[in-house]
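Q: Let me begin by handing over the structure; questions about it come next.
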Amino acid sequence: MKQYKKVMGILLAGVLALSMAGCGDSEKTDGKAETKSEETAGGQTAASGEGEEYAVIMSVNQLEFFDALKAGVNDAAHSLGAKWYYAGPQDLAPDKVAEAIDQAVAKKVTGIVVHGQFQETGAAIDNAIAAGVPVICVNTDIESNRLSFLGCDPYNTGVEMAKQMAKEIGDKGKIIISNFISGGQPSAISNMEGCRDELEKNHPNIEIVAEVDDKADETTAATAVGAALQANPDVVGIIGMQAPSAVGAATAVREAGIDGIKIVGRDRDSATLELIESGEVAASFAQNSYVEGYIAVKWLHDYVNGNLKVTQNYLDAGINPLPPVVDSGSIIITKDNVDQFKEKYTYDK
């Protein structure tokens, strides 16, 4: 978002050095690995994660989109010898997400990673913090007392998607935007705002002729984009802002029998990668969800164990040593590098 107070120039090595300083309702998966000790830069052994458990909470957790987040959490937990599980509803239900957070607190988990989807869950996050359970938000921030937010800035991603579309279509022509408009998710709204602003300010020869609501569903996207194409047969580009958007757009273009339409999408799911390889999708912006999950667990572990030596005792002093916002960025996938993204993420089941 425009107002994000960004932490720029984030390097994974630097972030991990900091941590070394010391979706059925309530569906869950546990994993545990052999306990491993950690060593600080001074050679001292830091507290391991033995006996610790981390909860990862989000809606529609059955989507392939969340595999990267789960894999990052899984790998971080295993490196610590800790357990983890994921929970939450398989539909978009803020109350059930809040309930999953409350259940994690009652279970006395070590820490919680929340995939930010609903501002309504802010109160549950605050209750967790008040109960002494630290929370880090990933993907989308939620106004709350969470310790930190790790995720790409959706506004900036929208800007970059607009720039990529301009490059693909020679900086002129009519385009369609497909997004989960009715969902009201802040990230989706901000993503679209960034795209609109970039086109309006810097690409006057590109016209948005339709903004369709795809409800983050590829079948709905195909129908909605198809209708927009019938009304605007001279469209030259489509921007899909949800994981299924580009897949649905490609179906619509195929069924319409129109050649030469450039599609820019989101995510690195198997269907999108196949379409990039075939040339039906020109590019896709993949969020660093793996890194977000990995770092979140490492930070939660170090936070609760007092390993972050920024003050003598930040826990008793009530001081949060973690950066409030970290922009994890996005990776552009094209036909030139798509092979690098084909391997599926794995995690304990």
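Q: Using a 1.4 Å probe, how large is the accessible area of residue 220, given in Å² and rounded to the nearest 10?
A: In the full protein context, residue 220 sits at about 50 Å².
Q: Once you sort the root eigenvalues of the Cα gyration tensor of segment 51-107 as a ≥ b ≥ c, which label holds: rounded (a/c under 1.5), prolate (a/b larger than b/c) or oblate (the other case)?
A: On the way: a/c = 4.07, a/b = 1.30, b/c = 3.12.
It is oblate, given that a/c is not under 1.5 and a/b is not larger than b/c.
Q: Just the accessible area per residue of the chain, please: how many Å² with a 1.4 Å probe?
A: Numbers: 15070 Å² over 349 residues.
Dividing the accessible area of the chain by its residue count gives 43 Å².
Q: Moving on to the next point. How high is the FRET efficiency from residue 217 to residue 50, r the C-beta distance, R0 51 Å, rounded to 0.05? Don't skip to the answer; put the middle values down first.
A: Details: r = 42 Å, r/R0 = 0.83.
It comes to 0.75.
Q: Mind sorting out which of (1) 129; (2) 146; (3) 197 is the real volume of the Cα convex hull per residue in Å³ computed from the coordinates?
A: It is the one labelled (1).
Q: If you place +1 on the Cβ of every Lys and Arg, -1 on the Cβ of every Asp and Glu, and leave all else neutral, what size is the dipole of the chain about its Cα centre, to the nearest 20 Debye?
A: Values: 29 positive and 50 negative charges, 125 e Å.
Here the size comes out at about 600 debye.
Q: Describe numerically, in nm with one decimal, the distance between label points set 7 Å from Cα along Cα→Cβ at residue 255 and at residue 167.
A: Result for the modelled spin labels: 3.1 nm.
Q: Right, next: Please work out the C-alpha center-to-center distance from segment 83-133 to segment 195-228 and express it in whole Å.
A: What the calculation gives is 33 Å, centre to centre.
Q: Separate question: So what is the relative contact order of segment 143-274, in percent, for Cα pairs below 8 Å that sit 6 or more residues apart? Walk me through the numbers before you get to the answer.
A: On the way: 255 pairs, mean separation 35.7, N = 132.
That works out to 27 percent.
Q: Something else now. Please compute the modelled spin-label separation between residue 230 and residue 145, points set 7 Å along Cα→Cβ, answer in nm with one decimal.
A: Simple spin-label model gives 5.4 nm for this pair.
Q: Using alpha carbons only, how many angstrom separate the centre of segment 49-64 from the centre of segment 315-349?
A: Measuring centre to centre over Cα atoms gives 15 Å.
Q: Roughly speaking, to the nearest percent, how much of segment 160-236's 1.4 Å accessible area is carbon and sulfur?
A: Details: 1640 of 3550 Å².
Carbon plus sulfur share of accessible area: 46 percent.
Q: What is segment 148-249 by shape, rounded, prolate or oblate, if you read a ≥ b ≥ c off the alpha carbon gyration tensor as root eigenvalues and call it rounded for a/c under 1.5, prolate for a/b larger than b/c, and oblate otherwise? Provide the component values of the computation, followed by the final result.
A: Working: a/c = 2.05, a/b = 1.10, b/c = 1.86.
Because a/c hits 1.5 or more and a/b fails to exceed b/c, segment 148-249 counts as oblate.
Q: Something else about it: Using only the Cα atoms of segment 239-310, build the gyration tensor, take square roots of its eigenvalues as a ≥ b ≥ c, and label the shape rounded, prolate or oblate: rounded if a/c is under 1.5, else prolate if a/b is larger than b/c, else oblate.
A: Numbers: a/c = 4.65, a/b = 4.55, b/c = 1.02.
Prolate, since a/c reaches 1.5 and a/b exceeds b/c.
Q: Let me ask you something else. Using only DSSP helix segments of four residues or longer, with each worth -39500 (n - 2.57), what per-residue ellipticity at 222 nm results for the chain after dividing by its residue count and rounding to 500?
A: Working: 11 runs with 131 residues, N = 349.
Helix-only estimate at 222 nm: -11500 deg cm²/dmol.
Q: Using DSSP to call loops (not H, G, I, E or B), can you name the trypsin sites (Lys or Arg not before Pro) in segment 166-245 whose Cβ has at most 15 other Cβ atoms within 10 angstrom? Present the calculation step by step, with values, prior to reporting the outcome.
A: Details: sites: 167, 172, 174, 196, 201, 215; in loops: 172, 215.
Passing both the DSSP loop test and the Cβ count: 172.
Q: Roughly how many nanometres apart are two label points built 7 Å out from the Cα toward the Cβ at residue 340 and residue 90?
A: 3.5
Q: Another question, if that's okay. Over segment 59-125, what is the mean sequence separation of C-alpha contacts under 8 Å (at least six apart), divided by residue count, expressed as relative contact order in percent? Walk me through the numbers before you get to the answer.
A: On the way: 45 pairs, mean separation 23.2, N = 67.
Once normalised by length, the contact order is 35 percent.
Q: Given Cα pairs under 8 Å that are at least 6 residues apart, what percent is the relative contact order of segment 269-338?
A: Working: 52 pairs, mean separation 36.0, N = 70.
Once divided by the residue count of segment 269-338, the mean separation gives 51 percent.
The values are calculated or read from the model by the stated rules, or taken from the named source; none is laboratory data. For clarity, every value in this text was computed on a predicted model and none was experimentally measured. For neighbour counting, all protein chains shown are included, and Cβ atoms are generated from backbone atoms with ideal geometry for every residue, glycine included. Just so you know, the surface numbers come from the protein's heavy atoms only, side chains and all, with ligands and any DNA or RNA stripped out. Shrake-Rupley method; radii C 1.70, N 1.55, O 1.52, S 1.80 Å.
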